[in-house]
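Colleague: Have a look at this one.
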Amino acid sequence: MFVPGNPKPQGSKSFKGINKGTGRAILAESSKGVGPWRERIRDYALSRFGMTPIPGDRPVHVRVEFVMPRPKALPKSRTPPAVKRIGDLDKLVRATFDALSKVLYADDAQITSLTASKRIAEPGENPGALIVVADIGDDR
């Protein structure tokens, strides 16, 4: 599935205190845009595939290609590699994994293989993420 939008990386968590009722730490997401991005991924997956996640005892392969927004100042004649100020690949992947847990697979611990990349959108191309999730079962 292709999820249009501006891919957002999952940021670090910041400690906000202790919950007096549970004794657990209260952590806040530092990346403001990751919540809406994860919701968008989850909504696209649910609208296309419903709520039938791959069972938790099955290994899963994920392939994801992030197409990052093209900076307005970038010349149309060339597209450089996506290496500056657009999100660490591992944090982009973490946000995607979390969004799809309990939707396409029971838990992201099932993911045993991953192919991931990021690039800047070509002129006229929409940013977003191309995501493929496959139940690889015993067929490796």
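The values are calculated or read from the model by the stated rules, or taken from the named source; none is laboratory data. A quick note: this is a predicted structure, and the numbers were derived from the prediction, not measured. We place every Cβ from the backbone using ideal geometry, glycine too, and count neighbours over all the protein chains shown. Just so you know, the surface numbers come from the protein's heavy atoms only, side chains and all, with ligands and any DNA or RNA stripped out. Shrake-Rupley method; radii C 1.70, N 1.55, O 1.52, S 1.80 Å.
Colleague: With bins 5 Å wide starting at 0, give me the P(r) of region 79-140 over every alpha carbon pair, in whole percents.
Modeller: Pair shares across the bins are 3, 13, 25, 21, 15, 11, 8, 3, 0.
Colleague: Per residue, how many Å² of accessible area does region 63-116 show with a 1.4 Å probe?
Modeller: For region 63-116, the per-residue accessible area is 57 Å².
Colleague: Along the positive direction of the dipole of the chain (beta-carbon charges: Lys, Arg +1; Asp, Glu -1; about the Cα centre), which of A25, V132, F97 reaches farthest?
Modeller: Checking the options against the dipole of the chain, the answer is A25.
Colleague: For the chain, with a Gaussian network of springs between Cα atoms less than 10 Å apart, report the residue from T52, T96, T22 with the top mean-square fluctuation.
Modeller: Checking each option, the largest mean-square fluctuation is seen for T22.
Colleague: Accessible area of the chain with a 1.4 Å probe: how many percent of it is carbon plus sulfur? Provide the component values of the computation, followed by the final result.
Modeller: Numbers: 4460 of 8440 Å².
The nonpolar share, carbon plus sulfur, comes to 53 percent.
Colleague: Could you check which residue among K32, K72, K91 shows the biggest mean-square fluctuation in a GNM of the chain with a 10 Å Cα cutoff?
Modeller: Of K32, K72, K91, the most mobile in the Gaussian network model is K72.
Colleague: Mind jotting down the three principal axis lengths of the chain based on Cα atoms? Whole angstrom, largest first.
Modeller: That gives 55, 45, 26 Å along the principal axes, largest extent first.
Colleague: Which residue, G128, G87, G23, has the most motion in a Gaussian network model of the chain that connects Cα atoms within less than 10 Å?
Modeller: The residue that fluctuates most here is G23.
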